[in-house]
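Report on the following structure.
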Amino acid sequence: MRQSGFGKGYGVWLLAAVIGLAAGAALAEDDKTAVPVEAAKVVAAPLSEQVTAIGTLLSDEAVTISSEIPGRISEIHFEEGQPIEKDAPLFTLDDSVYRAQLADAEAKLKLADQTHKRTSQLFSSKYATAQSADESASALAVSTAAVELARVQLEKAHIVAPFAGIVGLRRVSVGEYITSGQALVNLEAIDPVKADFRVPEKFLPAIRVGQTIRIKVDAFPDDSFEGKVYAIDPRLDVSGRSLLVRAKVPNTDQRLRPGLFARVTVLLELKQAALSVPEQAIVPQGDSQFVFKIVDGKVQLTKVVTGTRREGRVEIVEGLAAGDQVVTAGQLKIRDGVAVSVVNAIGA
């Protein structure tokens, strides 16, 4: 049977309508399909703003012991590497020569004193001139000074500790002749220890005396030690544009030693309720930072201002509120306005 042109055109139209309806239904079904994503809530918690630096540990006090006078060492009074108290004896030099010098000076002083007394009596009786009286007085003063000098030199034959600390390894032995200024042993006070470190000049307004620091050293990788900033150099290093800061760290167990390499963290400010999200929630676009915020089952591309980054989290300064939910995984599959379903929600 022959089909008319009208019937044939109607069939084509009907087929196209059916295909169009099917495609529309498929698109509608796609719009209703939520994309699975992982998400986390914006939390408010205390957050410390801090700066990290590299530093070196120093003794609280350190000195190289030396003698002010030459002589031969007759006694050594300490054990190497042991703690000692202030004014504890360290070395004794052979003082026989200095004792003899003191005795000689005292004898001359006695004669000068007697001469001065006789001359004074004669001068008062008009039997001696004023010049003689002046000369005897001068001789008495010189002899008195000579005795004092000999006594000081004798005292310097006994070398004592200027402060309490730990003596190092001695560089001389009993019987050795030493010269004035020769290094004998080092003395270190290591409780507390000092930590010297440099921070960039941009932190100048934020660094203050009294701020808390934490240090870590390779010798004790699982431990951290806390101290306080107590001095800031008033002059910046012109070559590196950095600020030298010094802190004291208690060291009662004396585990920390001068010369150790230290990683220093300075706690600049503690924010009691800082907002933060996992760092994987941040989506950088150019110079700006964004997150996908979930609102009523759909995502909104939201611009944020970030702050401190710490231990896998990023501070949010602007753009979000506590309790907001943001996408942390699956951002490549979504766009602004897409429906999502949360498959792994992370709370506070």
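The values are calculated or read from the model by the stated rules, or taken from the named source; none is laboratory data. What you see is a predicted model; the values in this text were computed from it and never measured. In this analysis, Cβ positions are derived from the backbone assuming ideal geometry, glycine residues included, and neighbour counts consider all displayed protein chains.
Yes or no, residue by residue, for (1) under 21 Å from Glu269 (Cα atoms); (2) in the same structural domain as Leu260 (by TED's automatic domain parsing); (3) of a type outside the set (Asp, Glu); (4) modelled with pLDDT of 90 or more:
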residue: Lys202; (1), (2), (3), (4): yes, yes, yes, no
residue: Pro205; (1), (2), (3), (4): yes, yes, yes, no
residue: Ile213; (1), (2), (3), (4): yes, yes, yes, yes
residue: Asp218; (1), (2), (3), (4): no, yes, no, yes
residue: Asp223; (1), (2), (3), (4): no, yes, no, yes
residue: Tyr230; (1), (2), (3), (4): yes, yes, yes, yes
residue: Ser239; (1), (2), (3), (4): no, yes, yes, no
residue: Leu244; (1), (2), (3), (4): yes, yes, yes, yes
* Asked: In this structure, is Thr56 within 30 Å of Val264 (Cβ to Cβ) and surrounded by fewer than 15 Cβ atoms within 10 Å (Cβ to Cβ)?
  -> yes
* Structure fact -> In segment 90-107, anything closer than 15 Å to Ala145 by Cβ and buried (at least 16 other Cβ atoms within 10 Å of the Cβ) is listed as Gln101, Leu102, Ala105
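Residues checked against (1) over 18 Å from the mean Cα position of the chain (by Cα); (2) buried (at least 16 other Cβ atoms within 10 Å of the Cβ):
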{"site": "Phe225", "(1), (2)": "no, yes"}
{"site": "Val266", "(1), (2)": "no, yes"}
{"site": "Pro278", "(1), (2)": "yes, yes"}
{"site": "Gly286", "(1), (2)": "yes, no"}
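Within the group Leu260, Leu332, which residue is modelled with pLDDT under 95 and either outside the structural domain of Thr56 (by TED's automatic domain parsing) or closer than 30 Å to Leu243 by Cα (or both)? Explain how you work it out, then say what you get.
Working: Leu260 fails: modelled with pLDDT under 95.
Answer to the check: Leu332.
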* Asked: Somewhere in segment 209-216, is a residue exposed (fewer than 11 other Cβ atoms within 10 Å of the Cβ), touching a residue at least 12 places away in the same chain (Cβ under 8 Å) and closer than 20 Å to Thr52 by Cα?
  -> yes
* Asked: Just checking, how many residues over segment 223-265 are part of a strand (DSSP E or B) and not polar (S, T, N, Q)?
  -> 20
* Asked: Between a first residue in segment 309-332 that is free of Cβ contacts under 8 Å to residues at least 40 places away in the same chain and a second residue that is not in a strand (DSSP E or B), which pairs have beta carbons less than 8 Å apart while being 6 or more apart in sequence or on different chains?
  -> Arg309/Glu279; Gly312/Glu279; Arg313/Glu279; Val314/Glu279; Val314/Ala281; Val314/Ile282
* Asked: In the list Ala146, Ala150, Ala137, which residue meets the criterion of being without any contact (Cβ under 8 Å) to a residue 40 or more places away in the chain, closer than 14 Å to Leu109 by Cα and surrounded by 13 or more Cβ atoms within 10 Å (Cβ to Cβ)?
  -> Ala137
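Residue-by-condition table, conditions (1) free of Cβ contacts under 8 Å to residues at least 40 places away in the same chain; (2) assigned to a strand (DSSP E or B):
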{"residue": "Pro36", "(1), (2)": "no, yes"}
{"residue": "Pro46", "(1), (2)": "no, yes"}
{"residue": "Gly55", "(1), (2)": "no, yes"}
{"residue": "Ile69", "(1), (2)": "no, no"}
{"residue": "Asp104", "(1), (2)": "no, no"}
{"residue": "Lys108", "(1), (2)": "yes, no"}
{"residue": "Asp113", "(1), (2)": "yes, no"}
{"residue": "Gln121", "(1), (2)": "yes, no"}
{"residue": "Ala128", "(1), (2)": "yes, no"}
